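K.L.:
Provided herewith is a single structure, encoded as structure tokens, for subsequent inquiry.
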Amino acid sequence: MHPCLHQLLFGILAALFGAGSAHATLSQVGETPNILVLVADDMGWEDNSLYGARNVPTPNLMSLATSGAVVETAILTAPSSSPSRISMLSGLYPHQTGAEDMHIPLPKSFKILPHYLKRAGYKTGHMKKTHYGPHAEAQFEWYSDNLKDFTIFLDEAGKKPFFLWVGFNDPHRIFGENDPKADEWTDKTTTRHP
């Protein structure tokens, strides 16, 4: 991998995962790790058992965490989907890309992480919710809205390293006073992350 790409990738991973707080680093996993990024709207650390929530079991996330990086510190650049996702993929603040508000796409003059990873030999793909606009979407090689197609992506990647971004909207604003399960999902049993 080109040294500049290595630095860019590490910088973006550090921005995504918080510098020094991910359990695995590029030097530990090798020069070309497979990269799976899971992004969920409105999901915080108290919404899964990986970070101590006792009332929301997430065994599959726990399983993934045993063989990958665990994010212990993360800071959003924006409180809404489009600018936040574009920041994560570009490594830039929303005001630097001009995509500062919801549903404003990435301008054509910007390259994002999949562009550089593809040039480094990665198979790049994204699934489900995107919210970064057609120019950003075109920088990925593969897309599906169906999670069952994950194996198709893996088959197409073959022996190449892969980068797959999966945008979930499942936990997006599901709670509220009119939600019949609201009482089941309270803070009463949540353990604060140290």
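Rule-based calculations on the coordinates, nothing more; no lab input. Everything numeric in this text was worked out from a predicted model, so none of it was measured.
K.L.:
Please list, in order along segment 46-57, the HN-Hα scalar couplings obtained from phi with the Karplus expression 6.51 cos²θ - 1.76 cosθ + 1.60 (θ = phi - 60°), rounded to whole Hz, x for Gly and Pro.
P.N.:
My calculation for segment 46-57 gives 7, 9, 7, 6, 4, 10, x, 5, 8, 9, 10, x Hz in order.
K.L.:
I would also like to ask the following. With the cut-off at 1.5 for a/c, could you classify segment 26-110 from its C-alpha gyration tensor as rounded, prolate or oblate?
P.N.:
Values: a/c = 2.87, a/b = 1.46, b/c = 1.97.
It is oblate, given that a/c is not under 1.5 and a/b is not larger than b/c.
K.L.:
Okay, moving on. Do the alpha carbons of any pairs in Lys108/Lys159; Lys123/Lys159; Lys118/Lys148 sit beyond 20 Å of each other, and which pairs?
P.N.:
Working: Lys108/Lys159 31 Å; Lys123/Lys159 10 Å; Lys118/Lys148 23 Å.
Where the Cα-Cα span goes over 20 Å, the pairs concerned are Lys108/Lys159; Lys118/Lys148.
K.L.:
So, one more: Counting only residues 5 or more places away or on other chains, whose amide H sits under 5 Å from the amide H of Tyr143 once H atoms are built in the peptide plane?
P.N.:
Excluding prolines and chain starts, which carry no amide H, the hits are His126.
K.L.:
Okay, next question. Using 0.36 nm per residue, how much length does the chain from Ile152 to Asn60 gain when fully extended, once their Cα-Cα distance is taken away?
P.N.:
On the way: separation 92, 0.36 × 92 = 33.12 nm, distance 2.00 nm.
Taking Ile152 through Asn60 to full extension adds about 31.1 nm, to one decimal.
K.L.:
Amide H to amide H under 5 Å from Ala40: which residues, 5+ apart in sequence or cross-chain, H placed 1.01 Å off N in plane?
P.N.:
The answer is Phe168.
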